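Derivation of every value follows stated rules applied to the coordinates shown; laboratory data play no part. If you're wondering where the values come from, they're calculated on a predicted model, not measured in any experiment. Cβ sites come from the backbone with ideal geometry, for glycine too, and all protein chains shown count toward neighbours.
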Amino acid sequence: MIPSSSSRRAAAVRALSAEPVDMAGMLARAHHPGAGAVVLFSGEVRNSNRGRAVAFLEYEAYPPLADKLIAEILAVATEKWGLHIALAQHRVGRVEVGDTAVVVITASAHRAEAYAANRYIIDRIKHEAPIWKCEHYTDGSHEWGNNCNCHAVTGDPSKHIYETGH
Amino acid sequence: MIPSSSSRRAAAVRALSAEPVDMAGMLARAHHPGAGAVVLFSGEVRNSNRGRAVAFLEYEAYPPLADKLIAEILAVATEKWGLHIALAQHRVGRVEVGDTAVVVITASAHRAEAYAANRYIIDRIKHEAPIWKCEHYTDGSHEWGNNCNCHAVTGDPSKHIYETGH
Amino acid sequence: MKIHVYAGLKDYFQPEFELEGLARNTDELKKLLLAINDKAGKMLASCRFAVEEGFIDNQFKLNEHDTIVIIPPSSGG
Amino acid sequence: MKIHVYAGLKDYFQPEFELEGLARNTDELKKLLLAINDKAGKMLASCRFAVEEGFIDNQFKLNEHDTIVIIPPSSGG
């Protein structure tokens, strides 16, 4: 339907955004006449984490490297699963409970590839991208998140463990 | 954020729709303060299938049973994966290339469950729901689809084989 | 008894028709349908049967006021 | 050399500062950082280092005009 190449459309989505994610806009870019399956993942801010009541999150990133790494992850996934479309965007700044912190969209001819690639992309972004969340709690305190703890097992901050085995 | 229960919200989405799927509207219903992960699958009409150029599809359903079965599949998935939200809608009537034929949305605390449940729901809908597509080709001919061929292996039209092993 | 057929079955039967003769179960129903169109055998072997919103098997006792829905393999999605 | 730190590392160091003394590689850099705050050892062991948009390892030869970015474990998503 849309004549531009998927890579050109992908390039139009910024990897980091200080504004709320435009999910409808991203989905509208995710149609492709050869794609029978589109999978979207939205990571949203929960109202509690490890038993503490969360007021909001604040994300910080190191943009030069985050941009490059996310583009690279999307390119690897596109190649590996033959995707027609791969898009991702992560919020920086303050994100409220119930709002989207990160979106990944994949589109492929058949559904197995779109699901697998989508999971691969979000797993790698969460483990590897230089993006950090600070949890602000309803009691006024805050704490920096520490999701990726792979180095405690691998002994190397650049080696990660993925439960889906990719 | 939204006080109504997920089951009430789920009930507000019709399993079958003769109108285009309102994906943005469905996504807007899919936020839950306890859900950190939302996964959406959109099954879209491709411009070719098995080497033939597709002009459009036409879906037929047996509504009393399709409604009941889809509600049942969503309930089983909700229970099995502890979902906060599970929604599905399938088109009936004419659907153009690039348009959405079926949408499944799942929301859960963590992402593994939202992905697995989403895949489970779409797999079961495709194999079991009394919904049929007729492919209309650009040469003017048409053919009824025959996606589920499990009976050829299981010897029983009500026994299905799922690649993800659920 | 009333018969409703869907999708590819419409290449073999009218979408809705009144069946001549009584079928007491789905095996008997298949025989009566094959008497109408003997090319439908392979297709019918892949179909499920339903009355109202429930699937039925050959144990289900049909009666003459039932509307029986014949359900080809799904091809949704 | 300039140092930029992020996230939890800001509990141990200023976000941006000029490092006294020259570190020729990341191992030497870690030692200089521990001299500033010896409580940061466990945290630093989990960090990666970058110059511009590339990760670097201990083989990478640092020079005094580099800005070195210290990257704690990711907690995006």
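About the Cα centre of chain C, how large is the charge dipole given +1 on each Lys and Arg Cβ and -1 on each Asp and Glu Cβ? Please answer in debye to the nearest 20. The partial results should precede the final answer.
On the way: 9 positive and 12 negative charges, 59 e Å.
Roughly 280 debye, rounded to the nearest 20.
Among A:86, B:17, D:56, which residue has its Cα furthest toward the positive end of the charge dipole of the protein assembly as shown, with +1 on Lys/Arg Cβ and -1 on Asp/Glu Cβ?
D:56
Once the label point is placed 7 Å from Cα along Cβ, list for residue A:98 the distances to the corresponding points in the other copies, in nm, shortest first.
3.4
Under a cut-off of 17 Å between alpha-carbon atoms, report the aspartates and glutamates in cross-link reach of residue B:80, not counting same-chain residues fewer than 8 places apart.
Excluding near neighbours in sequence, the set is B:72, B:113, B:123.
For a label point 7 angstrom out from the Cα of residue B:162 toward its Cβ, which stretches of region B:38-60 have the backbone nitrogen within less than 19 Å?
Correct set: B:39-43.
If I model a spin label at residue A:96 and residue D:31 as a point 7 Å from the Cα along the Cα→Cβ vector, what separation in nanometres do I get?
Simple spin-label model gives 5.2 nm for this pair.
So what is Rg over Rh here for region B:1-111, counting just Cα atoms and using Kirkwood for Rh?
Numbers: Rg = 15.0 Å, Rh = 14.9 Å.
The Rg/Rh ratio comes out at 1.01.
Straight-line reach only, C-alpha to C-alpha below 15 angstrom: list the aspartates and glutamates that residue C:42 could link to, leaving out same-chain residues fewer than 8 apart.
Excluding near neighbours in sequence, the set is B:156, C:11, C:27.
Averaged across orientations, what area in nm² does the convex hull of the alpha carbons in the protein assembly as shown project? Working shown, then result.
Numbers: hull surface 105.6 nm².
Mean orientational projected area (the protein assembly as shown, Cα hull): 26.4 nm².
Could you work out the helix-only [θ] at 222 nm for the protein assembly as shown, with each DSSP H run of four or more residues adding -39,500 (n - 2.57) and the total divided by the number of residues, to the nearest 500 deg cm²/dmol? Could you put the intermediate results ahead of the total?
Values: 14 runs with 138 residues, N = 486.
It lands at -8500 deg cm²/dmol.
Considering the dipole of chain A built from charges on the beta carbon (Lys and Arg +1, Asp and Glu -1) around the Cα centre, which of A:49, A:35, A:73 is farthest to its positive end?
Value computed over the given set: A:35.
DSSP loop chymotrypsin sites (Phe, Trp or Tyr not before Pro) in region B:84-166 with at most 15 other Cβ atoms within 10 Å of their Cβ, which ones?
On the way: sites: B:115, B:120, B:132, B:137, B:144, B:162; in loops: B:162.
Those that pass, being in a loop and sparsely packed, are B:162.
Among A:102-111, D:12-21, how do they line up from the highest to the lowest mean number of other beta-carbon atoms within 10 Å?
Values: A:102-111: 24.2, D:12-21: 12.6.
So the peptides A:102-111, D:12-21, ranked by packing, come out A:102-111, D:12-21.
Grab the residue from chain C whose Cβ hugs the C-to-D rotation axis most tightly, plus its distance in whole angstrom.
Its Cβ sits closest to the axis: C:77, 15.
Give me a single rounded figure for C:3-11: the average over its residues of other chain Cβ atoms within 10 Å of their Cβ. It would help to have the intermediate numbers written out before the result.
Values: counts 0, 1, 0, 7, 12, 6, 2, 4, 2.
Rounded to a whole number, the mean comes out at 4.
List the distances, in nm to one decimal, from the label point of residue B:28 to the label points of the same position in every other copy, shortest first, placing each label point 7 Å from Cα along the Cα-to-Cβ direction.
In ascending order, 1.4 nm.
How many nanometers, to one decimal and shortest first, lie between the label point of residue B:136 and those of its other copies, if labels sit 7 Å from Cα toward Cβ?
Those label-point separations list as 5.4 nm.
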